[in-house]
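The values are calculated or read from the model by the stated rules, or taken from the named source; none is laboratory data. Not measured: the values here are computed from a predicted model. Cβ atoms come from the backbone with ideal geometry, glycine included; neighbour counts cover every protein chain shown. The accessibility values were calculated without ligands, DNA or RNA, using every heavy atom of the protein model including side chains. Shrake-Rupley method; radii C 1.70, N 1.55, O 1.52, S 1.80 Å.
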Amino acid sequence: MLVGPADDAERGIELARSERPELIFLDIVLPGMNGFTALRMLRRDPLTKDIPVIMISGNEQATEEFYVHRIGADDFMKKPFSRAEVFARIERLLDENRVP
């Protein structure tokens, strides 16, 4: 199932709850609620807690990666990233049957 982008974290959480995507790409810097808070909410919700999440950020501070993994993200990517890197990360999180 392909679910499109959300304009903010609140809408992204709504989509995750209603559409149950196989994977979520979540930016840290978002309008309104930031990605850290959104990730905490996704992990606490029984409907979304098991959906793999790849956090992304353009910030060069390495501390973000530590906090992302501590909160429960499955992976972290720094912008800019290549298309090949995106596909490699997806393949690591989903098996051949597209199951997390």
Within the stretch 31-47, residues surrounded by 13 or more Cβ atoms within 10 Å (Cβ to Cβ) and in a loop (DSSP other than H, G, I, E, B) come out as 33, 34, 45
Go through (1) in contact with a strand residue (DSSP E or B) (Cβ under 9 Å, 6 or more places away or on another chain); (2) at pLDDT 85 or above one by one and return the number of the condition residue 59 breaks. (2)
Going by what's in this entry, would residue 28 be described as open to solvent by less than 70 Å² (accessible area, probe 1.4 Å) and at pLDDT 85 or above? yes
Return the residues of the stretch 4-17 that are closer than 15 Å to residue 55 by Cα and either modelled with pLDDT under 90 or open to solvent by 90 Å² or more (accessible area, probe 1.4 Å) (or both); say none if nothing qualifies. 5, 6
Exclusive hit being at pLDDT 85 or above and of a type outside the set (Phe, Trp, Tyr), set 70, 98, 20: 20
